[in-house]
Each structure stands twice: as structure tokens, then as C-alpha cells.
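Visitor: Take a look at this one; I'll ask things after.
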Amino acid sequence: QVQLVESGGGLVQTGGSLRLSCVASGRTFSSYVMGWFRQAPGKEREFVAAIRWSGGTTLYADSVKGRFTISRDNAKNTVYLQMNSLKPEDTGVYYCTATRTVIITALPGGYDYWGRGTQVAVSS
């Protein structure tokens, strides 16, 4: 099994920045993909970004390209989401996720493990 624990959420003003962290434990991650999804109140969970653990290939949602950066620290089994130029529409619960495969995807069904989420609120 894999355990994912997110941190770093909070309240920030429009234009501000936050860095989310997700620590993974329980399995090795040499060939995994990890990612971030978010869910706003009353809306479906949507893809934000993903990274292949080996090689560092990344995928971003169009809505966050140029503002968010996903990265990983192999030694710490941690994936980060640096969020800059935040907008009110970025508000939501951000979930860390991981898959046992090497397929990088924006589909939630492509992921096997989920964290409990961390709240991000962007005020206008």
C-alpha cells in the first residue's frame, strides 16, 4: 500500500503563492507517476498536474500552465506543487495522487492512491 500526506494549503490573496507538498510512504517510487487534482465546492475533481517519478516528464492542465510547477525529490519521496499568480478560481481542496504505472494521465481513473487533501483558498 501507499500512503500520501499533503501539506502546505492555506489562505492567500489573489496573485500570491503557495507550495504544496505530498510525502509518499509505503512503497518505492522509481517507476510511479504522481500528481495533483483539485475539487472546488459543487464541482467535480479536476486534474492539475502530474510528474513521472523517473525522468521527470510532466503534464499540466491548461488552466495552470505557466503558473504552477510540479517537481519531485526522489530522496524524500516527496512531490511539490509550486503555485504562483493564484486566482480565486484556484480555490479548492488539492489532492495528491499516485499510480503504480508509468502512464501519465489527466484522468482520475488512472490513479490508484489518493491523499486526504489540503485546502487552498484564494481571496479576491
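The values are calculated or read from the model by the stated rules, or taken from the named source; none is laboratory data. The structure presented is a predicted model; accordingly, all values stated were derived computationally and were not measured. Counting neighbours? That spans all protein chains shown, and the Cβs are built from the backbone with ideal geometry, glycine included. Each accessible area value is taken on the protein alone, full model and side chains, heavy atoms only, with ligands, DNA and RNA left out. Shrake-Rupley method; radii C 1.70, N 1.55, O 1.52, S 1.80 Å.
Visitor: What nm value, rounded to one decimal, do you get for the distance between Asp73 and Arg27 when each label is placed 7 Å out toward the C-beta?
Guide: Roughly 2.3 nm, to one decimal.
Visitor: Something else: What full-extension length gain, to one decimal in nm, is calculated for Thr58 and Gln13 as 0.36 nm per residue of separation minus the Cα-Cα distance?
Guide: Numbers: separation 45, 0.36 × 45 = 16.20 nm, distance 2.71 nm.
Going from the current span to full extension adds 13.5 nm.
Visitor: Roughly what would the spin-label model give for Lys87 and Glu44, points 7 Å off Cα along C-beta, in nm?
Guide: Output for this residue pair reads 2.0 nm.
Visitor: Could you provide, to the nearest whole Å², the per residue accessible area of the chain with probe 1.4 Å?
Guide: Working: 6210 Å² over 124 residues.
Spelled out: the 1.4 Å probe surface of the chain, per residue, equals 50 Å².
Visitor: Considering only DSSP beta bridges where both residues belong to the chain, give the percentage that are antiparallel (nearest 5). Don't skip to the end; give the middle numbers.
Guide: On the way: 38 of 42 bridges.
Bridges in the chain are about 90 percent antiparallel.
Visitor: Right, something else. Pick out, from Gly55, Gly109, Phe37, the residue whose Cα sits farthest towards the positive end of the charge dipole of the chain, with +1 on the Cβ of Lys and Arg and -1 on the Cβ of Asp and Glu.
Guide: Toward the positive end, the furthest listed residue is Gly55.
Visitor: What is the chain's relative contact order, in percent, from Cα pairs under 8 angstrom and six or more apart in sequence?
Guide: On the way: 316 pairs, mean separation 43.9, N = 124.
Relative contact order comes out at 35 percent.
Visitor: Work the Kirkwood hydrodynamic radius out for the chain: mean of 1/r over every pair of different alpha-carbon atoms, inverted, in Å. Walk me through the numbers on the way to the answer.
Guide: Numbers: mean 1/r = 0.0706 Å⁻¹.
About 14.2 Å, per the Kirkwood formula over Cα pairs.
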